[in-house]
1. Based only on the alpha carbon positions, what is the Kirkwood hydrodynamic radius of the stretch 43-101, in angstrom?
2. Enumerate by residue number the trypsin sites (Lys or Arg not before Pro) in the stretch 231-309 meeting two conditions: DSSP loop (anything except H, G, I, E, B), and at most 16 other Cβ atoms within 10 Å of the site's Cβ.
3. In Å, what Rg and Dmax follow from the Cα atoms of the stretch 532-630?
4. To the nearest Å, what is the center-to-center distance of the stretch 716-734 and the stretch 163-215, using C-alpha atoms only?
5. Using 7 Å Cα-to-Cβ label points, what is the ARG655/GLU822 separation (nm, one decimal)?
6. Based on the alpha-carbon set only, what is the convex hull volume of the stretch 402-516 divided per residue, in Å³?
7. Which one of PRO367, VAL447, LEU53 is farthest out on the positive end of the charge dipole of the chain, using unit charges on Cβ (Lys, Arg +1; Asp, Glu -1) and the Cα centre as origin?
8. Reported to two decimal places, what Rg/Rh ratio describes the stretch 568-673 when computed on Cα atoms with Rh from the Kirkwood expression?
Amino acid sequence: MKKIFVSLFVIVASLPASLFAETGYNAWLRYAPLSDAAVRAYRDSVPAVVANLGNAATERSAQQELIRGLRGMLNRNLREDSRVPAEGAIILGTLSDLQKSAPQLGLSATMPPDGFWLKSVTVNRVRYTVITAQNDRGVLYGGFAFLRRIALNEPVSDLDIKQTPSAPVRWVDEWNNIDGTIERGYGGRSIFWDAGHVRDDLSRVTDYARMLASLGINGISVNNVNANTLFLSPEMIPQIARVADAFRPWGVKLALAIDFGSPQSLGKLPTYDPLDPTVIAWWKAKTDEIYKAIPDFGGFVLKADSEGRVGPSTYNRTHADAANVVARALKPHGGVIFYRGFVYDHHANWEDPKADRARAAYDNFHPLDGKFDDNAIIQIKNGPIDFQIREPASPLFGSMENTGQAIELQITQEYNGQARHLVYLVPMWKETLDFDMHVRDGAPTPVKAIVAGKVTARPGGIVGVSNVGLDDSWYGNQMSQANLYGFGRLAWDPDLSAQRITDEWTKLTFGDDPLVVRTVADIQLSSWRTYENYTGPLGLQTLTDITGNHYSVNVEASERNGWGQWHKADAKGVGFDRSVATGTGFTGQYRPAVMKMYETVENTPDDLVLFMHHLPYTKVLRSGKTVIQTIYDDHYEGADAVAKYAKDWKALKGRVDEARYDQVLAQLEYQAGQAIVWRDAVNNWFAKESGIADAKGRVGHYPGRIEAEAMRLAGYTVKPQTPFEIASGGQAVECAAGTAKCTAGIKYDGEAGWRDVVVQYFDQNNGVSHFRVFVGNQQIVEWVANDRVPSAKIDGGSSARHVIPAVALRPGDEIRVEGVPEGRETAALDYIEIVPAN
């Protein structure tokens, strides 16, 4: 029996890693076994001992991570030590640790905090690999960097590598609520909170902190910026301290989002005026209370006077007054406050041609330059609106030369497909970080230099709204993990190329199969442009339901309301005139060199032309095409690109583990259907509004499509849809709740052959519908409509597509769709398409 067991173990151990199921939980820290050739290559450069000369928890984490990673990748079990052994070893310790315990290594240097040094040293013919830094957190980052090099098959002999982070503060914000929900979180419930308290089991929090540490992230704000005052209550602080304990071994500081009215609502003071002595004393006492429980507390994040949040305007005080009262309470403890620059009037008059949300951040904060304390940092969204698919860099960057500034990026894809669509945001972030704000004459001043504190007199930072959840993949989409990885790598080094970051993530996450690496990189790197094409090109922003779920297509949702995300489309043209000459003057907020680029239509890049200017549909752009034809063409190109993504992914079957392969394929096929919904909805809306036909004859003409309302119906009722573009033909058929079943049928009158039958239906999130499809009396497929969508009504977000491949059809065949509603769903149908088999 023992012999059989050993034989089975050998067989299982020899199977390819791709055959074992993976959930995505380990993300890029899988430490999958390397090839035999790679293991042999590291035989002489990776020793048998890892010695930790320090006592900090982060240094111990580094030691254990090296043991874990090298065991996984090289099948080596390293021995631990706390001294420099007489044999080759990996030596961990700060520079002061080395000077104290290992002077024979002869290493000394001056390094900034969190930077690390990987150095090969030979002493008495014994070779050591030293991982050192100015502080213990840097040692941990160096350990992860060493492991990353091995995972990427890069050499680790003869090392002399020094790296320092670009920005001193590198945080993620988690918009988690105390009840366990997450605002704009698409990966499930909170990993921190549940039912009004901190979760009992924080092992997942520890694992998340480890992931962040591997990227050099050094802080997390763990609650929603629309903050509940209970997070500052005396009862909650000990619970929050437990979360900080889980972070601490990984060098991650805990921070909290706060409500500016807390002195009144929680502290029961008669006021929250930031200049009132009792309010000043309250903030000091509350901050002292937190630091007593959490000595390494990072600080606060504050959203004030925005979207209904209370703020200093109540007392005719400034944002600097508000920030400073908190900053001064934090100052003795070394904490910082991130004061969000996301302040605007969400009840703006849409009929006022000068009203412009894009101006708000600059108008609110530029006059206050130099009035913020040095530990108050203005947190500025990458663009002036709100995480749209394309925006110009915010003009606030670099306009406050005496104020610390941080860039806020959104990892969680709120307006960008909400993790149901694959949208890789690193190329977009790179475009903003690399954009030259022309703050100094004669030398480039890109946004990345400004937020690193290299242009302004104050330090800055980089912040990402992450919003991980309990889903095994953390984000509800395996490929969305790349956005967190990319954010962390850019926070550390914004000079890294998008290609480099993508290749790293793919190899660490899926392995180094050349076809996998090439395919994933091609999909990821083009996905931003693809999503932009089938949603809102030319600077239209994402034409989504901004007054609803921020996901479903709804072209008119941006208009005639106070939210200010307007595109100003009418019968003659589209776009927002933000020029100084004839518009809102937004372009004048930039330095002259940037203003010159955006002020005229001729100088403005096509990608942003409708963000800056209102143009006739017939205006010919730099591309040589008219505005309206570009809108039509881009939407078709975007939908075609996603269809190709699904096809290309299928070539990876057997090269990627089955579970993740199936998940990504299902997601891409869903996205391909959604891209068609967006394509048709936006194009039909603009065709109706402009009265200009598609020069290529596609818009409004869909060969093989049969509208559900034109089919023979039994039980189904035809209902017009609002807005009209969410359903093909403006109508859908619905089966009333409680009905046993409804059917819709046609008689096939095409040529005999193999055909794909496409059923376009609606899958809401407030019930479950059941569908069956018959050809004659033969059932060919059935499915349950219970997908994860953010819509409880019939709209573009609940529109779904089921493709039945390779059906043998003959003239006269009856095709019948049967729907059974359940809950509040109505088993609604939009159309079917019969097309040549793919």
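The values are calculated or read from the model by the stated rules, or taken from the named source; none is laboratory data. All figures in this text were calculated on a predicted structure; none of them were measured in a lab. Backbone-built Cβ (ideal geometry, glycine too); neighbour counts: all protein chains shown. Accessible surface is based on the protein model in full, side chains and every heavy atom, while ligands, DNA and RNA are left aside. Shrake-Rupley method; radii C 1.70, N 1.55, O 1.52, S 1.80 Å.
1. 11.7
2. Numbers: sites: ARG242, LYS253, LYS268, LYS284, LYS286, LYS292, LYS303, ARG309; in loops: LYS268, LYS303, ARG309.
Loop-located and lightly packed - LYS268.
3. So, for the stretch 532-630, Rg and Dmax equal 13.6, 38 Å respectively.
4. Centre-to-centre (Cα) distance: 41 Å.
5. 3.9
6. 113
7. With unit charges placed on the Cβ atoms, the residue in question is LEU53.
8. On the way: Rg = 20.0 Å, Rh = 16.5 Å.
Radius of gyration relative to Kirkwood radius: 1.21.
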